[in-house]
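S.K.: If you scroll down you'll find the structure; I have some questions about it.
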Amino acid sequence: VLASLPLQVMLYFNVYYFLAWCLAEGMMLQLKYHLLAWHYQFLLVTTYLILSLAEGSRLYLGYLGNLQEK
């Protein structure tokens, strides 16, 4: 098996840091959401969703690629 152990360890810890980031960012979004204008609300939620989906898919593909040697 040619899976990279250091990459797997970094991906493992990155998943937990990503979950902590999502929680913290979601709480901050909830606290300041009502104070912003509607267009900033839209941009903030859209950016949060895009970054969360992109990072989640990056971590998932990293796990798959490393464990399947791709």
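Readers should treat all values here as calculations from the given coordinates under stated rules, not as data from a laboratory. Note that the structure is a prediction, hence the values are computed from the model and not measured.
S.K.: Report the Rg/Rh value for segment 29-70, based on alpha-carbon coordinates and the Kirkwood definition of Rh.
M.R.: 1.29
S.K.: Please list the radius of gyration and Dmax for the chain, considering alpha-carbon atoms only, with Å as the unit.
M.R.: Final numbers for Rg and Dmax: 16.0, 53 Å.
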